[in-house]
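Single-structure report; data block below.
The values are calculated or read from the model by the stated rules, or taken from the named source; none is laboratory data. No experiment lies behind these values; they were computed from the predicted model shown. Ideal geometry is used to build each Cβ from the backbone, glycine not excepted, and the neighbour counts take in all protein chains shown. For accessibility, only protein heavy atoms count, side chains too; no ligands or nucleic acids. Shrake-Rupley method; radii C 1.70, N 1.55, O 1.52, S 1.80 Å.
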Amino acid sequence: MAAPTHTAATAAPRRTPHGPLRGPRPRRHGSETLAAWLFLLPSLAGFLVFTAGPVIAAGVISLLDWNLFSPPRFIGLDNFARLGPDDTFWSALGNTAYFTFVSVPLTLLVSLGLALLLNQGLRRMAVFRSLLLLPYATITVAVAFVWVWLYIPHDGLVNAVLGVFGIDGPAWLISDDWAMPALIVMSVWKSFGFGMVIFLAGLQAIPQQLYEAAKVDGASPWRTFREVTLPLLSPSVFFTVVTSIIGSFQVFDQALVMTDGGPGTSTTTLVMYIYRTGFENYEQGYAAAQSMVLFAFIVVITAAQFLLQRRLVHYDL
């Protein structure tokens, strides 16, 4: 009787140096890719419709002479050429830069200080955190009206408090010198809660063993903060700086409500000037050209921050 033979289908799998040879796995790459795109589709559609689409439309409109009522007329780069001699545009850009580069550092310092305080294990920390986050959660227009009352020269709370210390407070919102600082103080009060929550989350993610090791080595509180806390908190700082600068360059609500851009143009921001050009003077093409310049400024500054993060931001423990 002949010995049975094994076909390829019934032969036992051969062994390899790393173990038995396994059969082919089912191909799931295509279905996983499709599922990923389906999950991304809502966000991608929102980005295309509400972000990329308007940016492209603004770029096209910036090449037109259009007042919303008559047919648009192509004029090329003439709208951009008008920006050079426009003193109001450059004043608004300077005001926006002044607001941004003063309010953002102040907001970061207040946010970080409060986050460090809340991270000390205070009782009822959740209550304090909610109360401190409340200004950020309120509507900017409503808060701006409240601060207008606080800044009233004779009966406002701010000058009343200064008067207790013998300081004669200025006419905040109608002073060329004090109107912008008044807006900055209000904006810092309104915005610090966001950064505080981000910093607090970053602080709580730092392993306590590092602080214990620093204490054993005899490090002072300042050295511990500088060499342990700050480097490990740098991703949170980077995120907060980027988002805060982008938001500050688009400041509009508080300036419109509190000062209406005055006195003169001392608090006229770039977004306010874009709004007035497009919807009060009905120069849509010129307003779009201004918005493209603002967009370019934000892109350049954000790109510079991402280049700097390679040296300043530490993602590894």
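Which value in Å does the Kirkwood hydrodynamic radius of region 108-197 take, with 1/r averaged over all unlike C-alpha pairs and then inverted?
After inverting the mean inverse Cα-Cα distance, the result is 14.5 Å.
Volume of the convex hull of region 154-258 (Cα atoms only), normalised per residue: 154 Å³. For region 208-271, the relative contact order works out to 21 percent when only alpha carbon pairs closer than 8 Å and six or more residues apart are counted.
Tell me the GluC sites (Glu not before Pro) within region 194-297 that lie in a loop according to DSSP and have at most 13 other beta-carbon atoms within 10 Å.
Qualifying residues, ordered by number: Glu280.
Our analysis of region 138-185 gives Rg over Rh at 0.99, with the two radii drawn from alpha carbon positions and Rh computed by the Kirkwood formula.
Residues within the reach of a label modelled at Ala57 (point 7 angstrom out along Cα to beta-carbon, backbone nitrogen below 18 Å), restricted to region 285-317, are 285-293, 295.
Could you grab the relative contact order for the chain? Cα pairs under 8 Å, six or more apart, rounded to a whole percent.
26
Computed over all pairs of different Cα atoms, the Kirkwood value for the hydrodynamic radius of the chain is 24.5 Å. Comparing region 226-296 with the 2.2 N^0.38 Å rule of thumb, its C-alpha radius of gyration ratio is 1.52 (two decimals). Residues in region 211-287 average 46 Å² of solvent-accessible surface per residue, probe 1.4 Å, ligands and nucleic acids excluded.
Among the helices of the chain, those built from whole DSSP H runs whose Cα atoms reach 24 Å or more along their own axis and whose mean Kyte-Doolittle hydropathy is at least 1.6 are 230-249. Taking Lys and Arg as +1 and Asp and Glu as -1, the other residues whose beta-carbon sits under 12 Å from that of Arg223 total 0.
Any idea what % of Cα-Cα pairs in region 80-130 are farther than 13 Å?
Result for the distance tail: 70 percent.
Of Phe295, Phe165, Phe279, the residue with the largest accessible area leads and the full order is Phe165, Phe279, Phe295 (1.4 Å probe).
Under a Gaussian network description of the chain, with springs only between Cα atoms under 10 Å, the residue in Val49, Val300, Val271 that fluctuates furthest is Val49.
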